[in-house]
1. From largest accessible area down, sort Trp484, Trp231; use a 1.4 Å probe on the protein chains.
2. Once the piece of chain linking Glu74 and Asn257 is laid out straight, how much longer is it, given 0.36 nm per residue of separation minus the C-alpha distance between them?
3. Given the convex hull over the Cα atoms of region 367-406, what projected area results after averaging over all orientations, in nm²?
4. For a quick protection proxy, order the peptides 287-299, 310-322, 361-373, 113-125 by their average other-Cβ count within 10 Å, most packed first.
5. Just the accessible area per residue of the chain, please: how many Å² with a 1.4 Å probe?
6. Which FRET efficiency, nearest 0.05, do Arg160 and Thr26 yield, Cβ-Cβ r, R0 60 Å?
7. Which whole-number percent of Cα pairs in region 316-367 have a distance greater than 14 Å?
8. Scan (1) 36.7, 136; (2) 35.0, 139; (3) 23.7, 79 for the value of Rg and Dmax of the Cα atoms in Å calculated from this model and give just the label.
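The values are calculated or read from the model by the stated rules, or taken from the named source; none is laboratory data. These figures come from a predicted structure and were not determined experimentally. Here the Cβ positions follow ideal geometry from the backbone for every residue, glycine too, while neighbour counts run over all protein chains shown. Areas reflect the complete protein model, heavy atoms only, side chains present, ligands, DNA and RNA absent. Shrake-Rupley method; radii C 1.70, N 1.55, O 1.52, S 1.80 Å.
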Amino acid sequence: MRPGLAPWVAFASVVFVACSPPAPATLEFVDQSPAQPRLGEITTLRFRAVDSRGQPQAGTKVSFSLQSDVPGVELSPDEGTTNAGDGVVSVQVVARGGRVASVVVVATATGGEETKTAVSPVVSFAGANSSSRQLTFQCGSFSGSGSGLHHAIGAWDETRNLIAGVKVRCIAHVGDRNGDGITGAQVSFLTEAGTIGPSAVSSTDVVGNAEALYKSSFPLPEDVAPATFTWQPVKDVTHTGEYVAPLWMHPFLWEENPLAAFGTTPRPYEDRPEPRRNDPIRPGIVNNPRDNLVSIIAITSGEEAYDDNNNNGQWDTGENYDDLTEPFVDNNDNGTWDPHERYVDTNGDGKWNGKNGKFDASTLIWVQERILWTGWPHALDAPQVFRQIRPLPDVVPTTFIIEHFGSQAVQFLVSDPWYNRIAQNADEDGCTGGASGPVEVAPTITGIALTYPSFKFESYSVDDVHEQPPDGAPPPESNPPVPWEVSPTCYYTAAQLEGHKVGIVGPTVKGVVK
């Protein structure tokens with residue numbers, strides 16, 4: 001070292017120490033970015049030092065700490081210096097564990113004998129990868145924008161001709177393993193029949209919902225052979241374990257001829273044969289409910305569901321998990337892929353693969369939804385798809401009596417040509433009108449259909465319309481009794497969105513009013 005240099009260095013050090021800033025008059029929290037951090041995501045918190053004049057104070061050293069230790073949450077760096085110009089200093093926080101965590105960050109600045117602190121708001125970390133257990137997919141909004149309970153649309157006329165453009169909204173909900181909705185997830189859709197889109201890709205909103213519009217169009221649903229419902233579907237490396245038909249179709253009550261079997265003892269615990277009948281219009285065609293059961297799938301990226309038994313936020317050897325096959329559209333409802341069915345090649349090997357026998361933290365997760373296309377019966381269908389229950393068809397009209405100001409219930413069964421309940425998607429759907437004589441028809445069962453068994457149990461009331469005399473005395477009985485006749489029309493709405501109405505004329509019923 002040259003002579004005279006050491007004294008200069010010592011002098012400079014004294015000057016620098018003397019010029020180090022005092023503690024700020026105020027240390028304040030500025031902001032947090034992003035405002036809703038996800039697990040594993042870096043969050044930046046900013047603090048500002050302000051001097052006694054109310055100006056930003058530069059060069060102040062600020063240390064950072066957690067108000068209380070939280071496992072898996074880290075701060076970086078643990079000390080910083082405020083910037084020139086704005087007096088801001090930043091610290092980054094990350095929750096590296098897989099568990100939901102909340103922390104409070106404390107910033108401390110010391111100068112001389114003074115210490116100032118600032119405390120951040122609570123920083124909550126939530127939201128891991130999309131989980132296959134949380135992926136929900138339903139069509140039709142029933143109790144809110146994210147719900148679905150409209151299982152059928154009217155897509156056929158009485159001649160089995162397609163009615164194109166009948167619409168229903170379908171909603172996929174994407175959530176993580178902690179139950180938090182995931183924003184901005186890309187969801188793709190594939191369908192067996194009809195069209196879903198327009199682009200067949202949708203992005204989830206702030207609560208994790210992704211919506212797509214489904215409508216009836218070509219291609220048509222696959223015509224399938226009648227099957228048997230069992231409570232023990234095949235679930236193995238290549239089979240998903242899905243039931244051959246969704247439970248909202250009541251497959252556990254199936255009978256080969258459901259209208260003829262009405263009133264017999266149900267046997268839900270036994271394997272049930274699917275309803276079937278020869279189509280009276282199309283030679284050689286056997287109709288069954290699943291001919292019009294359309295499979296649709298929603299696909300997004302995420303992790304296979306697992307049981308986090310030790311609550312450490314990650315899958316560990318020995319914990320149960322849901323092993324998924326590659327996504328596919330199950331046209332024939334047999335729970336596995338067949339060569340003619342559409343699929344997504346997750347691993348890019350040019351073929352469909354079943355379950356791979358290992359937990360996948362990052363893969364394509366998917367879920368299936370199914371909806372029915374229904375139609376209304378032709379006159380040639382009537383002998384098999386209508387059945388009068390009350391009064392029985394052979395009841396003599398003079399014995400079906402309505403008392404003064406009384407009523408009688410009329411009940412019958414009706415099915416579409418494939419032994420499915422006719423799509424019923426409006427609150428006012430039901431039977432009305434068609435009365436002759438001193439009676440009126442009042443619907444007793446109206447509203448949206450929640451399930452779709454093999455037929456609709458339809459009911460309406462035939463009410464006496466005698467006028468009350470001015471003195472309040474009951475009117476005298478008619479002698480002889482006055483005959484009446486009703487043939488009401490039962491209306492069913494094909495879809496929530498601009499759905500046409502189907503009118504089915506019920507069986508003619510006759511009686512008398514006293």
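1. Ranked list, largest accessible area first: Trp231, Trp484.
2. Stretched fully, the Glu74-Asn257 segment lengthens by 59.2 nm.
3. 6.4
4. On the way: 287-299: 25.1, 310-322: 13.2, 361-373: 21.3, 113-125: 15.2.
Per-residue Cβ counts within 10 Å, averaged per peptide and sorted highest first, yield 287-299, 361-373, 113-125, 310-322.
5. 47
6. Working from the Cβ atoms, E equals 0.15.
7. Details: 715 of 1326 pairs.
For region 316-367, the fraction of Cα-Cα distances above 14 Å is 54 percent.
8. Looking at Rg and Dmax of the Cα atoms in Å for this model, the match is (2).
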